[in-house]
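Student: Got a structure here, written out as structure tokens. Questions coming.
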Amino acid sequence: MHPRLRAVLAERRLDPAVFAEACARARDILADPQPPSARMRIAAALMSAPGGRACDVGGGVSIYPLVAALMGTDVTVVDALRGWTGDVRPRVEALTRAGVRFVEADVETMRLPQAEYDAVVAFETIEHLPHSPRPVLEKMVAALVPGGRLCLSVPNIARLDMRLRLLGGRSPHESVVHFYREGSPFHGHHREYTIDELRWIAGELGLERIRAFGVNVTYESRKRKNALQRLLLRLDDGLGLGDRLLPHRLRHHAWLEATKPGAPAAPG
């Protein structure tokens, strides 16, 4: 098990066996060819609030909201569902049948209820916003109950491979070809963030118990890989090889978990 996943499960007091069963059930429901990656499992563990409510902003038809729902969380996904390849409707229908609620809305113009959720998350989302994420994040914080958690993840702009790209004279941005030819509008990464920047943003939002950390898990890529690349990915995904070798600031993704001030409401 990835060491960060083990830590999150322990912090959230989630039973690893129950969590593993939920991941397996989610894979069967969606008929995914591969089990959820470490990135998806960490997102699911952070989002899970058994007996509570969670909102996923920009998560689309990913597997982690379903895992959270199978863990006993009332899950709502808010997303315009744009940018996904192929027809996503069958996947939306499968998620809906399994209990995930969808609200189709643009993240920048969405409306969220006030003080409604125990967790509001946005994984790999705010880097796609063409302007400051402040309005979106303020809505997300307002939607949290006192004591609720805001969880984010973004690509770490200071990760090791980006530093190497710059040393080699290459741009840290996405390919100029797609941006130049088809980027009107552009739905790629407008601004990636560092771990310290996520921590600063959480402070600006008035949150407390701020934890910002790096995790060296990569995106679920469909690109063809050679045997060595497949081995390294398995070691990274299953055993957290990159986390064991790299300091937080050099890891691939920056993550945040922070709490809205105030004591959680007493059960009714």
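Student: Which of the helices (runs of 4 or more DSSP H) found entirely inside the stretch 123-205 contain at least 3 residues meeting this: touching a residue at least 24 places away in the same chain (Cβ under 8 Å)? Outline the logic, then answer.
Tutor: Values: elements: 134-142, 160-167, 176-182, 195-204.
Result: 134-142, 160-167, 195-204.
Student: Looking at the stretch 109-129 only, could you name the residues that are surrounded by 15 or more Cβ atoms within 10 Å (Cβ to Cβ) and either in contact with a helix residue (DSSP H, G or I) (Cβ under 8 Å, 6 or more places away or on another chain) or among the β-branched types (Val, Ile, Thr) (or both)? Give the derivation first.
Tutor: Our first condition is that a residue be surrounded by 15 or more Cβ atoms within 10 Å (Cβ to Cβ); within the stretch 109-129, this holds for 110, 112, 116-129.
Those that are surrounded by 15 or more Cβ atoms within 10 Å (Cβ to Cβ) and either in contact with a helix residue (DSSP H, G or I) (Cβ under 8 Å, 6 or more places away or on another chain) or among the β-branched types (Val, Ile, Thr) (or both): Met110, Leu112, Ala119, Val120, Val121, Ala122, Phe123, Thr125, Ile126, Leu129.
Student: Still on this structure, please answer the following. Closer than 29 Å to Ser132 by Cβ, free of Cβ contacts under 8 Å to residues at least 60 places away in the same chain and among the basic types (Lys, Arg), is that true of Arg12?
Tutor: Numbers: closer than 29 Å to Ser132 by Cβ: no; free of Cβ contacts under 8 Å to residues at least 60 places away in the same chain: yes; among the basic types (Lys, Arg): yes.
So Arg12 fails the test.
Student: Of the residues Ile29, Ile42, only one is under 18 Å from the mean Cα position of the chain (by Cα) and assigned to a helix (DSSP H, G or I); which?
Tutor: Ile42 is the lone residue from the list that is under 18 Å from the mean Cα position of the chain (by Cα) and assigned to a helix (DSSP H, G or I).
Student: Determine, yes or no, whether Leu81 is in a helix (DSSP H, G or I) and either surrounded by 15 or more Cβ atoms within 10 Å (Cβ to Cβ) or among the hydrophobic types (A, V, I, L, M, F, W, C) (or both). Steps first, please.
Tutor: Values: in a helix (DSSP H, G or I): no; either surrounded by 15 or more Cβ atoms within 10 Å (Cβ to Cβ) or among the hydrophobic types (A, V, I, L, M, F, W, C) (or both): yes.
No, not satisfied.
Student: Considering every residue within the stretch 186-200, establish whether at least one is surrounded by fewer than 16 Cβ atoms within 10 Å (Cβ to Cβ), touching a strand residue (DSSP E or B) at 6+ places or on another chain (Cβ under 6 Å) and not hydroxyl-bearing (Ser, Thr, Tyr).
Tutor: No: zero hits.
Student: Mind checking which pairs have a first residue in the stretch 248-259 that is farther than 20 Å from Leu9 by Cβ and modelled with pLDDT under 95 and a second that is hydroxyl-bearing (Ser, Thr, Tyr) and not in a helix (DSSP H, G or I), Cβ under 6 Å, 6 or more apart or different chains?
Tutor: These pairs meet every condition: His252/Thr218.
Here's the yes/no breakdown for (1) in contact with a Cys (Cβ under 6 Å, 6 or more places away or on another chain); (2) of a type outside the set (Asp, Glu); (3) within 27 Å of Pro3 (Cα to Cα):
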position	(1), (2), (3)
Ala49	no, yes, yes
Val77	no, yes, no
Glu108	no, no, no
Arg111	no, yes, no
Thr125	no, yes, yes
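Student: Let me ask something else. Looking at (1) at pLDDT 95 or above; (2) part of a helix (DSSP H, G or I), find the lone condition where Ile210 falls short.
Tutor: It fails just one condition, (2).
Student: For Val136, state whether it is exposed (fewer than 13 other Cβ atoms within 10 Å of the Cβ) and more than 24 Å from Pro3 (Cα to Cα). Before you say what the answer is, go through the steps one by one.
Tutor: Values: exposed (fewer than 13 other Cβ atoms within 10 Å of the Cβ): no; more than 24 Å from Pro3 (Cα to Cα): yes.
Here the answer is no, as Val136 does not meet what is asked.
Student: Can you list residue pairs whose Cβ atoms sit under 6 Å apart, with the first residue in the stretch 15-37 being over 12 Å from Arg91 (Cα atoms) and the second being among the basic types (Lys, Arg) and modelled with pLDDT of 95 or more? Count only pairs 6 or more apart in sequence or on different chains.
Tutor: Short answer, once both residue conditions are applied: Pro35/Arg27.
Student: Just a yes or no: is a residue in the stretch 54-72 surrounded by fewer than 20 Cβ atoms within 10 Å (Cβ to Cβ), modelled with pLDDT of 95 or more and not in a loop (DSSP other than H, G, I, E, B)?
Tutor: No: zero hits.
Student: Take Tyr180 and decide whether it is surrounded by fewer than 19 Cβ atoms within 10 Å (Cβ to Cβ), at negative phi and of a type in the set (Ser, Thr, Tyr).
Tutor: On the way: surrounded by fewer than 19 Cβ atoms within 10 Å (Cβ to Cβ): yes; at negative phi: yes; of a type in the set (Ser, Thr, Tyr): yes.
In short, yes.
Student: Further question on the same structure: Tell me which residues, restricted to the stretch 86-109, are touching a strand residue (DSSP E or B) at 6+ places or on another chain (Cβ under 9 Å), part of a helix (DSSP H, G or I) and free of Cβ contacts under 8 Å to residues at least 40 places away in the same chain.
Tutor: Across the stretch 86-109, the qualifying residues are Val92, Thr96.
Student: Right, another one. Can you tell me how many residues in the stretch 151-180 are under 29 Å from Arg12 (Cα atoms) and of a type in the set (Gly, Ala, Ser)? Explain how you work it out, then say what you get.
Tutor: Of all residues in the stretch 151-180, those under 29 Å from Arg12 (Cα atoms) come to 151-159.
Now restrict to residues that are of a type in the set (Gly, Ala, Ser): 153, 158.
Residues flagged as under 29 Å from Arg12 (Cα atoms) and of a type in the set (Gly, Ala, Ser) within the stretch 151-180 amount to 2.
The values are calculated or read from the model by the stated rules, or taken from the named source; none is laboratory data. Predicted model only: the values in this text are computed from it and were never measured. When we count neighbours, we look across all protein chains shown, and the Cβ atoms used for this are built from the backbone with ideal geometry, even at glycine.
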